[in-house]
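Inspection log for the structure reproduced underneath, given as C-alpha cells.
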Amino acid sequence: MGGSIYPNMLCAHPPFQIDGNFGFAAAVAEMLIQSRKGHFLLLPALPDEWKDGKVGGMKAQGDITVDFEWREGRIHRVRLCSSREQKVTLECNGISKTVFLKPDGTENMIFD
C-alpha cells in the first residue's frame with residue numbers, strides 16, 4: 001500500500017488522494033507567484049533547474065490574471081489583467097513597482 005509520485009507528478013498512493021494532487025499544484029503555484037492583498041512577488045522560490053520558463057493565465061488575489069516569462073532565473077516579461085480598477089505592487093528581480101490596473105485592461109511590462 002505504499003505510495004509515490006508518477007512521472008506526471010500526480011500522486012500514486014492508493015486509494016487515489018486528490019488532496020495530494022491539488023496540494024502539489026498549489027505548492028508549485030506558490031513557488032512561482034505569491035499574492036497577498038495587492039502585493040505580488042514573482043519567483044520567490046524558483047528551483048535552480050528551472051532557469052527559463054513561462055506561466056500563462058495564473059489567477060492571483062484580487063481577480064488578477066498574471067502571465068510572465070523568465071530567463072536565467074530573472075523575470076523578463078509580465079502581463080497583468082484585472083477585472084476591476086485597483087492598485088497593486090509588483091516585486092521581481094529585486095525591484096518593487098506600483099501599477100494601477102483598469103477594469104478589463106492589461107498592463108504589459110518588460111524587464112531587461
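The values are calculated or read from the model by the stated rules, or taken from the named source; none is laboratory data. As the structure is a prediction and not an experimental result, all values here were calculated from the model. We place every Cβ from the backbone using ideal geometry, glycine too, and count neighbours over all the protein chains shown. The area values use the complete protein model at the heavy-atom level, side chains included, leaving out ligands, DNA and RNA. Shrake-Rupley method; radii C 1.70, N 1.55, O 1.52, S 1.80 Å.
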Q.
Residue under question is Glu91, and the condition is that it be over 14 Å from Gly38 (Cα atoms) and under 14 Å from the mean Cα position of the chain (by Cα); does it hold?
A. no
Checked pairs for segment 26-45, first at negative phi, second assigned to a helix (DSSP H, G or I) and surrounded by fewer than 17 Cβ atoms within 10 Å (Cβ to Cβ), C-beta under 8 Å and 6 or more apart or across chains, list as Pro44/Glu30; Pro44/Met31; Ala45/Glu30; Ala45/Met31
Scanning segment 33-65 residue by residue, the ones that are open to solvent by less than 90 Å² (accessible area, probe 1.4 Å), assigned to a loop (DSSP other than H, G, I, E, B) and more than 14 Å from Ser96 (Cα to Cα) total 5
